[in-house]
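Comments concern the structure below.
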Amino acid sequence: MYPEYNKVKAKCEEANLLFETSRTMEDIFFLSTKRNEKRIAVTYVDQKGKNKKYKYSLFRKHAFEIASILANFMIQQPKNVPIVLKAANSPHWGEIFWAILMCGYKPLLVDARTSKEGTENLIAQGKAVAIITDDNYTYNVPKFSLKDILEEKHSYDFAPNWENEVIFCSSGTTGNVKLMVFNGENLCNQIAAALDFQETSKTLLYPKSMGELRVMAMIPFHHIFGFIATFLWYFYFGANFVFVRSLAPTEVQTTAQKFKVTHVFSVPLFWDSVAQGLERKRALETPAKQQLIDKLIGYNTGKITREEAGPYKAVQSVIQSNLLGKHIKFCISGGGYLDSKTQTVINGIGYPLYNGYGMTEIGITSVELSPEVELRLKGSIGVPFHGVSYKIKPTNKKNPNTGELFVKSKITHIREIIGGEERETVLDEDGYFATGDIAEVDPTNRYYLKGRIKDVIINADGENIFPDELEIFFKGLKHVQNVCVLGIDQKGSKNQKVVCAVEINNSASEQELEELKEKMRKIGQDLPKGTKITDFYFCRKKLPIANNMKVKRFVVKNGIESQSGDYISFDYKKEKKSTRNFDQKTVTEVLEPMRAIFSKILILPSFKIDDDGHWVDDLGGDSMSYVELITNVQDHFGVTIPEELYGKLATLNDFVEEVAKLRGKK
């Protein structure tokens with residue numbers, strides 16, 4: 001037991017106050033804002049670059065005012081139906097969320113990046129009567145922008161008429177989507193999961209007497225992880241929400257440093273990028289400085305003694321000052337498989353990084369909270385929270401401790417909407433929800449995720465291969481942005497071959513691409529028997545990411561199997577021909593050199609440049625780079641492009657055709 005145990009326990013036990021109420025969304029709002037009314041609720045930098053902050057008392061006032069405005073907008077609409085909230089995190093997101101509930105509507109939380117078609121589909125299947133968003137589309141229901149709402153005059157005559165349900169989206173937005181409905185009791189029980197936190201952690205939650213808790217509002221609040229782990233928990237316990245103006249790495253780092261953020265929760269991709277960035281910077285240092293960094297990581301991960309570590313505090317201070325600051329007390333990774341190397345690096349520089357587990361259907365149900373770094377580095381998702389039970393249904397009789405994870409708790413959504421039709425939540429005979437995740441449990445009742453059942457690859461020996469465990473071998477390679485390992489069906493066989501699709505950044509040169517190919521092939525062949533990767537593909541576009549921030553493996557699988565052209569085999573040899581059927585001399589002397597010019601100016605690998613890809617719309621060019629393109633083309637081929645064609649020549653083929661014509665006139 002640590003010295004601050006009783007203080008932390010008292011803080012966590014504030015969750016019990018909810019069980020003295022009717023356990024509604026209204027109860028959560030008023031208990032949160034009244035108990036914490038003198039605390040800072042929101043901190044941000046406004047459009048003029050000025051630091052702003054305000055307290056929970058003002059937050060409550062804003063929510064009431066917005067609700068009065070929204071109620072007036074919706075005066076002709078029926079109550080107790082959904083309103084879509086499609087907005088990025090902002091200081092006003094929470095106020096609008098509570099205002100929707102306050103005036104009698106169910107918030108249907110949608111990713112701000114969802115397409116018009118996807119949004120229309122969600123509106124239709126959720127039977128929403130309005131949408132609040134700042135996007136540029138029009139819909140067949142009333143649309144209100146955040147600006148419209150915030151600039152409208154409010155009314156103090158408004159009388160709240162609370163709704164008690166919140167709706168979350170599944171990972172898809174097309175076809176028959178799955179929507180999960182939670183009520184106030186579900187979310188009160190989610191908050192109450194904090195009742196045992198004090199037993200293993202003194203930094204996840206703590207009272208103001210131990211310092212202000214400042215949480216970075218970075219994970220989108222429409223996502224179950226962002227909504228619960230960031231917004232709901234810390235709203236109830238009175239944290240200060242620090243908002244970033246953008247998710248650009250420099251903006252995140254500057255904001256965290258400036259406002260002395262203490263808690264950062266994000267997905268594995270974010271933590272991977274932090275770790276990889278640090279590794280790249282380390283590689284540029286002198287051998288002596290590299291050794292100091294290695295000793296710091298070794299000490300913080302329990303591999304060497306304090307004496308062996310040398311001046312580790314000074315090294316840690318410098319590194320943290322250039323990353324997220326020196327006030328970080330607690331970090332969580334959720335939403336996917338966390339690379340063990342990333343865990344080592346982040347924990348090694350003194351940022352305690354914990355791994356958690358949850359799903360849109362069941363909320364957040366466990367986090368590895370142990371202060372012992374050795375347990376965190378094993379990748380455990382911890383033991384089930386207060387009020388939550390796990391069980392394993394083995395998929396292989398030889399290993400009874402590994403199988404599909406089933407979860408039972410009062411947090412699990414009460415019903416779901418599929419294709420516009422409502423149905424009860426599907427549970428097994430004992431009241432457990434089937435997660436579709438493969439997990440392993442150890443003798444201490446700690447759980448470890450292995451992957452998704454639908455993603456498991458069956459090899460020729462009938463053994464299960466978990467893609468997440470193979471992807472970690474490639475994520476740290478230079479120029480690699482993201483990877484996706486998956487199984488591809490083989491004709492005449494029930495077994496799948498293991499392949500890997502890799503997304504690279506655009507700065508890789510042709511030589512670096514060849515070197516990367518060789519490295520990845522060697523890694524693929526050096527993997528244990530049965531898990532060797534047979535084929536590799538470059539992605540011409542970014543890997544498709546679902547709303548749950550995981551790669552859509554089925555989309556990649558369909559793309560590779562259908563030979564869509566979005567995935568280019570490492571063994572692919574581009575034939576020297578054009579979609580416009582230029583003669584061989586033109587292809588050799590103009591097309592390929594022209595592609596090299598496009599590649600140089602756009603800073604794109606040549607395989608990403610389609611013959612008919614538009615300079616702006618498809619390839620990401622702009623007017624300034626277009627001027628540079630004209631100059632380079634004229635200098636290289638010794639021709640003068642007529643000014644009246646500027647802007648009309650927009651594709652590789654356009655330029656090849658014009659240059660060939662000009663050369664023919666000489």
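General remarks:
- Counting DSSP beta bridges with both ends in the range 8-161, the antiparallel % (nearest 5): 35 percent
- Given 16 as the ceiling on other Cβ atoms within 10 Å, longest exposed-site-free region of the chain for GluC sites (Glu not before Pro) in DSSP loops: 38-151
- Mean-position separation - Cα centroids, the range 227-269 and the range 590-666, in angstrom: 44 Å
- Projecting the Cα atoms of PHE265, GLY310, CYS484 onto the charge dipole of the chain, computed from C-beta unit charges around the Cα centre, puts GLY310 farthest toward the positive end.
- Relative contact order for the range 370-482, counting Cα pairs under 8 Å that sit 6 or more residues apart, in percent: 19 percent
- Cα gyration tensor shape for the range 133-195, rounded if a/c is under 1.5, else prolate or oblate: oblate
- Global form of the range 210-341, assessed from the alpha-carbon gyration tensor, a/c cut-off 1.5: prolate
- Most positive-pole-ward Cα, SER389, MET210, ALA112, against dipole of the chain from beta carbon charges: MET210
- When the pairs LYS600/LYS648; LYS38/LYS258; LYS542/LYS600; LYS127/LYS557; LYS11/LYS34; LYS9/LYS410 are compared against a 24 Å limit on Cα-Cα distance, LYS127/LYS557 fall above it.
- Built amide H within the under 5 Å cut-off of ILE332, gap 5+: VAL264, PHE265, SER266, TYR354
- Local net charge near ILE328, Cβ-Cβ under 14 Å (Lys/Arg +1, Asp/Glu -1): +4
- Average Cα contact separation per residue, the range 1-104, under 8 Å, 6 or more apart, as relative contact order %: 23 percent
- For the chain, the longest principal axis of the Cα atoms and the long axis of helix 287-300 meet at an angle of about 30 degrees.
- Within the range 625-666, the chymotrypsin sites (Phe, Trp or Tyr not before Pro) that combine a DSSP coil assignment with at most 16 other C-beta atoms in a 10 angstrom radius are TYR646.
- Sorted from greatest to least, the principal axis extents spanned by the alpha carbons of the range 143-231 come out as 46, 41, 26 Å.
- Cα-centred dipole magnitude for the range 134-194, charges only on beta-carbon of K, R (+1) and D, E (-1), debye, nearest 20: 220 debye
- Reported label for calculated percent of Cα pairs over 32 Å apart given [x] 68; [y] 48; [z] 57: [z]
- Relative contact order of the chain, pairs being alpha-carbon contacts under 8 Å that are 6 or more residues apart, as %: 10 percent
- Rounded to the nearest 20 debye, dipole of the range 161-318 from Cβ charges on Lys, Arg, Asp, Glu: 660 debye
- Global geometry of the range 299-386, whether rounded, prolate or oblate, following the gyration tensor of its Cα atoms and the 1.5 cut on a/c: prolate
- Basic side chains Lys and Arg get +1 at the Cβ, acidic Asp and Glu get -1 at the Cβ, and with that the dipole of the chain about its Cα centre reaches some 1340 debye.
- Nearest 10 degrees, 0 to 90: helix 56-73 Cα axis against the chain principal axis: 70 degrees
- Principal-axis tilt of helix 652-664 within the chain, Cα atoms, nearest 10 degrees: 20 degrees
- For the range 355-452, chymotrypsin sites (Phe, Trp or Tyr not before Pro) meeting the loop criterion (DSSP other than H, G, I, E, B) and having at most 10 other Cβ atoms within 10 Å: none.
- Signed unit charges on C-beta, dipole axis of the range 405-564, positive-most listed residue ASN506, LEU543, GLY419: ASN506
- In loop segments of the range 520-567 as defined by DSSP, the trypsin sites (Lys or Arg not before Pro) with at most 12 further C-beta atoms inside 10 Å of their C-beta are LYS529, LYS541, LYS542.
Read-outs throughout are calculated quantities, based only on the coordinates presented, and are distinct from any laboratory measurement. Small disclaimer: the values here were computed from a predicted structure and weren't measured. Neighbour counts are summed over all protein chains in view; Cβ atoms, including those assigned to glycine, are modelled from backbone coordinates with ideal geometry.
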